[in-house]
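Here's the structure, in structure tokens; my notes come after.
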Amino acid sequence: MTITRLFRTNRTQAVRLPKDVAFPEDDEVSITVEGDARVITPVRLTWNRFFASLTELDVEFPDREQPEPQERDWR
């Protein structure tokens, strides 16, 4: 078990995670209250957040040639 101290920054409470228990590269976490405990988990990219992030891209994708639809026998 790793123990650390809480501290105040401005008017908020913060916790510094020691290196051995720090999250890899995540920069956003969610905090769930479970009784007296606080559970900190990384926020995963959901499909809704993924598609919302695509609207922030300023990239023009070129048109591409599409083949003609194939005739199919659907029997």
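Observations on the model:
- Residue of Pro24, Pro62, Pro42 that the Gaussian network model of the chain assigns the largest fluctuation, springs spanning Cα pairs under 10 Å: Pro62
- Using the rule -39500 (n - 2.57) for each DSSP H run of four or more residues, divided by the residues of the chain, the 222 nm mean residue ellipticity is -3000 deg cm²/dmol.
- Simple spin-label estimate for Thr4 and Ile40 in nanometres, 7 Å along Cα-Cβ: 0.4
Where a number appears in this text, it was derived from the coordinates with a stated rule and is not lab data. These numbers were taken from a predicted model, which means no experiment stands behind them. Neighbour counts are summed over all protein chains in view; Cβ atoms, including those assigned to glycine, are modelled from backbone coordinates with ideal geometry.
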